[in-house]
Amino acid sequence: MKVNLLSCDAQRPDKRAIARCIAEFSATINDSLAAELAEILLEGDAVDIELDSKNSGSALRAFRKLSIDYEIIE
């Protein structure tokens with residue numbers, strides 16, 4: 001499943017928690033790339049990631065908990 005992370009509306013976003021979430025639920029992203037993508041997301045740019053199919057529901061709940069707006073691409 002591909003997801004476009006649009007923005008983070010948290011009052012005080014936790015960059016490390018966002019990076020951990022991206023790395024944990026992504027099919028192909030390692031920790032260092034996840035940290036870079038979290039930084040890009042917090043700067044206001046959208047980020048496309050591919051989620052592991054078996055954990056996609058958990059990933060979407062985690063994104064909502066972190067106040068990350070997203071859209072499902074496919």
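The values are calculated or read from the model by the stated rules, or taken from the named source; none is laboratory data. Nothing here was measured: the structure is a model prediction, and the numbers come from that model. Neighbour counts are summed over all protein chains in view; Cβ atoms, including those assigned to glycine, are modelled from backbone coordinates with ideal geometry. SASA here: full protein model, heavy atoms, side chains in, ligands and nucleic acids out. Shrake-Rupley method; radii C 1.70, N 1.55, O 1.52, S 1.80 Å.
Table: residues versus (1) open to solvent by less than 60 Å² (accessible area, probe 1.4 Å); (2) under 8 Å from the mean Cα position of the chain (by Cα); (3) within 16 Å of Glu74 (Cβ to Cβ).
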position: Arg16; (1), (2), (3): no, no, no
position: Glu24; (1), (2), (3): no, no, no
position: Ile29; (1), (2), (3): yes, no, no
position: Ala38; (1), (2), (3): yes, yes, no
position: Glu43; (1), (2), (3): no, no, no
position: Asp48; (1), (2), (3): no, no, yes
position: Lys54; (1), (2), (3): no, no, no
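Mind checking which residues of region 39-63 are in contact with a strand residue (DSSP E or B) (Cβ under 8 Å, 6 or more places away or on another chain) and aliphatic (A, V, I, L, M)?
Result: Ile40, Leu41, Leu42, Ala46, Val47, Ile49, Leu51, Ala59, Leu60.
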